[in-house]
Amino acid sequence: AQSVTQLDSQVPVFEEAPVELRCNYSSSVSVYLFWYVQYPNQGLQLLLKYLSGSTLVESINGFEAEFNKSQTSFHLRKPSVHISDTAEYFCAVTVNTGFQKLVFGTGTRLLVSP
Amino acid sequence: SQTIHQWPATLVQPVGSPLSLECTVEGTSNPNLYWYRQAAGRGLQLLFYSVGIGQISSEVPQNLSASRPQDRQFILSSKKLLLSDSGFYLCAWSPRRQGARTEAFFGQGTRLTVV
């Protein structure tokens, strides 16, 4: 069975600084990978996804993630964060079994301060 | 466009009382439907999923049940709530025709507190 590890439960960072949120997965078969963002007391919003093709994927608000098959990683990065990026970020994986069952990591809380 | 509605947003229930959370999807047909629970520091756990009316699969043994009486309606229920049922419950859907090659779309969640 697949699993997802997000080692950092909380990442504090100053505004305009770069940030990397780490995500590692384990799976014996090919996977699809996702990053979701959650603001307080709200549902999850898709930030970006890797299904196939280019291993570097980008979101519309400046985040990017790179699928690294050899290291089984899908780290999320942003070169310059804003206060509004403060939220919880979840990495998730699903395998291509014809049905989508997301397995989530425990989440990383990004705290951006001025 | 597709939308997902989940209610209520917040619920406080006494131990031993029944529960019914409802989720509906608009703008699509034959969706896969899901119920997740989010506990603090533990990420999201898939509770139930459904690929069609009346078809429910449970992922973990628990005090809860799910039903899908209509194509775009998914209900989470309990006959008698336990303290351990407290949490943030999220409904989600994904396009069935795309299998696993798609993201899931989430509702706004229900914060359930059992007292």
field: Residue count for the range A:1-24, restricted to those that are more than 11 Å from the chain's Cα centre (by Cα) and over 23 Å from A:G62 (Cα atoms)
entry: 3
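Show me the strands (runs of 3 or more DSSP E) found entirely inside the range B:36-107 where at least 2 residues are open to solvent by less than 10 Å² (accessible area, probe 1.4 Å) and in contact with a strand residue (DSSP E or B) (Cβ under 8 Å, 6 or more places away or on another chain). First the steps, then the outcome.
Numbers: elements: B:44-52, B:55-58, B:65-70, B:73-78, B:87-95.
Answer list for the range B:36-107: B:44-52, B:73-78, B:87-95.
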- prompt: Is it the case that some residue within the range B:11-27 is touching a residue at least 60 places away in the same chain (Cβ under 8 Å), within 12 Å of another protein chain (Cβ to nearest Cβ) and either in contact with a strand residue (DSSP E or B) (Cβ under 9 Å, 6 or more places away or on another chain) or surrounded by 14 or more Cβ atoms within 10 Å (Cβ to Cβ) (or both)?
  reply: yes
- prompt: Looking at the range B:91-112, is at least one residue touching a residue at least 24 places away in the same chain (Cβ under 8 Å), within 14 Å of chain A (Cβ to nearest Cβ), over 18 Å from A:A92 (Cα atoms) and touching an Asp or Glu at 6+ places or on another chain (Cβ under 7 Å)?
  reply: yes
statement: Note: among A:L7, A:L33, A:L46, A:L56, just one is free of Cβ contacts under 8 Å to residues at least 24 places away in the same chain and within 11 Å of chain B (Cβ to nearest Cβ), namely A:L46
- line: Residues of the range B:11-32 being at pLDDT 95 or above and in a strand (DSSP E or B), in sequence order, are B:L11, B:V12, B:Q13, B:L19, B:S20, B:L21, B:E22, B:C23, B:T24, B:V25, B:E26
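The values are calculated or read from the model by the stated rules, or taken from the named source; none is laboratory data. Owing to the predicted nature of the structure, the values given are computational and were not obtained by experimental measurement. Note: ideal-geometry Cβ built from the backbone for every residue, glycine included; neighbour counts use all protein chains shown. Note: accessible area is taken over every heavy atom of the protein model, side chains too, but ligands, DNA and RNA are not part of it. Shrake-Rupley method; radii C 1.70, N 1.55, O 1.52, S 1.80 Å.
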